[in-house]
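The values are calculated or read from the model by the stated rules, or taken from the named source; none is laboratory data. As the structure is a prediction and not an experimental result, all values here were calculated from the model. Neighbour counts are summed over all protein chains in view; Cβ atoms, including those assigned to glycine, are modelled from backbone coordinates with ideal geometry.
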Amino acid sequence: MTPANNRAITALFRVFGEKEAPISSDRTRLTSLGGMNRQEALTLAILIPATAVVGVGEQLTLLCGPLVGCLLAVPAAFLVLQLLPFLLNAKSPSVQWGLWLLLGVSWALHRCQTEGLVGLFASIWIAIGVISLAAKLVLAWQASMNWRGSLGIFWRTLVILIPHAMAIFIGYRFGWPWGLLCAAAVAGFFCSAILNPSSQILGTVTCKTSPPGILITIDDGPDPTDTPLLLDVLDRYQTKAIFFMIGEKVRAYPTLAREVIRRGHEIGNHTLSHPQASFWCAGPWRTRREILQCQQIIEQVTGTAPRWFRAPVGHRNLFTHPVAQALGLHVMAWNRRGFDAVERDPCKVLARILPELTGGDVVLLHEATPIAKDVLTAILTRQQALLNPSHPRCPDGSASSQASTPDSAG
Ligand SMILES: [Zn+2]
């Protein structure tokens, strides 16, 4: 939902501005943070001078009459705009723009009853003030979602309890239909955050990698039949992948896990027992046990601690992020999948993945399915075509691939 860094200075454009449009060559004082969001720069550069002209022009018209007021509005506004930065001076650009916002909203509240242009500009500033406040709340929420360990668990417990307590209070105070409506809204919000694998509401989730390669991720292994086959296919296309492995399976097939590492791939944490039906509603202790024990098994078997965590079927619960962060894990989802864990026809799976497959995609595949090898082969063939458009055919194994590696994820 929110760009990680779109170089916007104001909260409004950090949250609602376009994702990546910095003015890279701008060397003015405003861009001392390394560039400014283009939408933000344009909006502020037009809105502030225009408001100054309208506001100053209105006062001059009241003092000197409409003709003189109109004639002097632009030069007087120019003078005001030269003086105001000295009054609204602050080292931090975000604080400085906060002061401009405060000034604009204060003026707007004072003039919002006025008709015509002044009233229109006052309405715009009030709308900007309201949206900026909402953006500040979004940023504060996101910052709190980065609290890790016990603090994060305590905060998230409050986050789930307080809205439900409010729904009960509303039901008691205004009638149970209203209380049930509020409870349904709260439940809908949390369900959308938990059940949508790419939702960023509960914390940062990696769903894309760096182009031009694609990142292959293979879940639910190791598997004594599929893992060796898939490793051979990956070797043939000289591609590295992340295998999200289940702790209990790693304990059962330690040699396969070590072979995955030996061939240069990465193993991710996919919980101890893969409780796909109940992980979404697990409490903090069970969440920690599932992630920590899987982490310990993989590290003991392979000598390498995973860096990435993926929840079973992508359904994180409320406590997944603070537990994972405390163990040094980043959460990864995907942006391409073909439901290969339940579909037995590889053509149908590939029809869901291949048409829109492009550089930077994170593809979700599964082991222990009868179609795993065919699906992986077809996707790597397409990747080869994406990376080498002049040689779109399946290679014989001698061609080198510039595939995305796990290091480029994130
Ligand atoms: Zn899984």
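Tabulated values for the structure
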item: Count of the stretch 300-319 residues which are under 18 Å from the mean Cα position of the chain (by Cα) and within 14 Å of the ligand (Cβ to nearest atom); result: 7
item: Breaking point among (1) outside any loop (DSSP other than H, G, I, E, B); (2) within 16 Å of the ligand (Cβ to nearest atom), for R289; result: (2)
item: Flag if L256 is outside the structural domain of C191 (by TED's automatic domain parsing), free of Cβ contacts under 8 Å to residues at least 40 places away in the same chain, away from the ligand (no atom under 13 Å from the Cβ) and over 24 Å from the mean Cα position of the chain (by Cα); result: yes
item: Subset of the stretch 176-223 that is among the hydrophobic types (A, V, I, L, M, F, W, C) and touching an Asp or Glu at 6+ places or on another chain (Cβ under 8 Å) - its residue that is nearest to the ligand (Cβ to nearest atom); result: I218
item: Unmet criterion (only one of (1) touching a residue at least 12 places away in the same chain (Cβ under 8 Å); (2) within 16 Å of the ligand (Cβ to nearest atom)) for D345; result: (2)
item: Pairs where the first residue, in the stretch 359-376, is over 12 Å from I242 (Cβ atoms) and the second is among the hydroxyl-bearing types (S, T, Y), C-beta under 6 Å, 6+ apart; result: G360/T209
item: Search result, residues across the stretch 231-240 that are outside any loop (DSSP other than H, G, I, E, B) and touching a helix residue (DSSP H, G or I) at 6+ places or on another chain (Cβ under 6 Å); result: V233
item: Every residue from the stretch 263-280 that is part of a loop (DSSP other than H, G, I, E, B) and away from the ligand (no atom under 14 Å from the Cβ); result: R263, G264, H265
item: Residues of the stretch 79-100 that turn out to be free of Cβ contacts under 8 Å to residues at least 12 places away in the same chain and exposed (fewer than 15 other Cβ atoms within 10 Å of the Cβ), as a count; result: 11
item: Members of the stretch 264-308 that are surrounded by 23 or more Cβ atoms within 10 Å (Cβ to Cβ) and among the hydroxyl-bearing types (S, T, Y); result: T271, T287
